[in-house]
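First up is the structure itself, then whatever we jot down about it.
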Amino acid sequence: MNRTKVIYQILLTMVFILIGLAIITVVLTILSMGDDVNSGQVEFNRIVNSIIGFPVGLFKGGFPLIQSNTDFWKSNNLILLLLNTLIQAVGIVFIGKFVKKKNG
């Protein structure tokens, strides 16, 4: 029973991460529109992409997470995106369980 609860927590966390990624993608794409793109905005997009892309972004150069990127919909990128989201979700769930265990 406890194992299935953890699996459901991980899957739910993955869904929330993917929803957050979609929202961030829409916002960053809207901010980057136009002919005169601000270099600060491009740098901000790169920083956000590297944070969202952790840890897969460390070993996969140019890991495109922003959905407006033409490489986003390639199958290997989608697999890496799901793997990355799974790693992030497992980390969040187990860190949350560790903190809850320490506090009570």
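A few notes on this one:
- Reach of Lys74 by Cα under 16 Å, taken over lysines that are not fewer than 8 positions away in the same chain: Lys60
- Scalar couplings 3J(HN,Hα) for region 20-27, obtained by applying the Karplus form with A = 6.51, B = -1.76, C = 1.60 to θ = phi - 60°, are x, 4, 5, 5, 4, 4, 4, 5 Hz; x denotes Gly and Pro.
- With each label modelled as a point 7 angstrom along the Cα→C-beta vector, the Leu31-Lys74 pair spans 2.6 nm.
Quick note: the coordinates plus some simple rules give every number you see, no bench work behind them. Note that the coordinates shown come from a computational prediction; the quantities given were computed from them, not determined experimentally. Cβ sites come from the backbone with ideal geometry, for glycine too, and all protein chains shown count toward neighbours.
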